[in-house]
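Have a look at the structure below before the remarks.
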Amino acid sequence: MENGTIENGVCSAESLNGSREVWSSKDSDSSSADHLVVMVNGILGSAADWKFAAEQFVRTLPDKVFVHCSERNAAKSTLDGVDVMGERLAEEVLEVIDRKPNIRKISFVAHSVGGLVARYAIGKLYRPGKTKIMEDLSAKKVEEASGTIGGLEAVNFVTVATPHLGSRGNKQVPFLFGLTAIEKVATCVIHLIFRKTGRHLFLVDEDEGKPPLLRRMVEDSADYPFMSALGTFRRRVLYSNAGCDHIVGWRTSSIRRNNELPKWESSLNEKYPHIVYEEHCKANDIEQSDPIIGENDGANKLEEELVTSLSRVSWDKVDVSFHSSWQWFAAHSIIQVKDHNMHMEGEDVIRHIIDHFLT
């Protein structure tokens, strides 16, 4: 790492390739920190997008966490496709683990499409638990130990304004105004702007007769056990903009059906003024999930499959609103505090992430 700096008890260093690592400047704290927090940027973003959040993590949990802001997928390389980016992220994480032998735990915090990239990467990094024979007084009992991510204990998987259901459905990309004609045109031309990543987001990547990538990522395949990897984390969290996000719709970022979107009022919590709704959703058996609501066209059917499958693991859902902000139109960036000078109103969301972070 190059260009190391120390400020307010936090060390940070940036590599020549653009990654950023943040840790406590106090030797006793940095030596005891055994929890790797991997932060992943969104489309056309960079490691710098997580600068504020990374420093807040270390200031709050100096003896617990070592933060690595990923650099392998930045700027135009974020257009290479979720799968290609996921492979690169997995390799980068393994390199960090190799350099930090004292690391025992791992968590991910990802923004926008970075959440999909992280979901792909953990599928590659997942290692199934070893089967252990445990003996009780009456009979032998076989139990499966939890799997690991890159050989580490998987703790938190946090996504912030991530389009888990893709961007193809009605009102999943709010700036298209929910107009069916415009949404259909966008589906046809999105690859011209966002290339392979755009095809993945709009679920039009049926390569070699295979289902779209996001559909394949809600099950365990022969190549990568995506759902087993997701299920191995102790906690999974969705931070979603309930409104004002013109890039990622509320349904897709919170993994909900239309009839499941909650009613909310302005937050009365002074500590987290922009958190307007929270709920814990238990894992559902696939057979118990509600049937599809609305027209049974291809897009709705595919979205229903994604919701149903992703609901087989539990989620903590945290809904955010910047409707009263003078910068409400920038909610997609404010929720991450992409630039502290411009997006400081999102500080309480970062504080909420840290305060509820399992270490």
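The values are calculated or read from the model by the stated rules, or taken from the named source; none is laboratory data. None of the values given here were measured: they were computed from a predicted structure. With ideal geometry, Cβ positions are generated from the backbone for all residues, glycine too; neighbour counts draw on all protein chains shown. With ligands, DNA and RNA removed, areas are computed over all heavy atoms of the protein, side chains included. Shrake-Rupley method; radii C 1.70, N 1.55, O 1.52, S 1.80 Å.
Things worth noting here:
- When restricted to Cα atoms, region 206-247 yields an Rg and a Dmax of 14.4, 40 Å, respectively.
- Cα-derived Rg to Rh of region 13-68, Kirkwood definition: 0.99
- Sequence of 5, 359 when ordered by accessible area, the most exposed leading, probe 1.4 angstrom: 5, 359
- Using a probe radius of 1.4 angstrom, the carbon and sulfur fraction of the accessible surface of the chain is 51%.
- Of interest is the spacing of the C-alpha centroids, which for region 1-58 and region 331-359 amounts to 16 Å.
- Sequence-distant residues sharing a close amide H with residue 320 (under 5 Å, placed H): 240, 241, 242, 276
- Solvent-accessible surface ranking, highest first, for 329, 194 at 1.4 angstrom: 329, 194
- Residue order for 100, 301, 51 - accessible surface, 1.4 angstrom probe, largest first: 301, 51, 100
- Think of each Lys and Arg Cβ as +1 and each Asp and Glu Cβ as -1; about the Cα centre, that makes the dipole of the chain roughly 220 debye.
- Normalised by the number of residues in the chain, the average gap of Cα pairs under 8 Å and 6 or more apart makes the relative contact order 15 percent.
- Percent of Cα pairs exceeding the 34 Å cut-off, where the set is the chain: 24 percent
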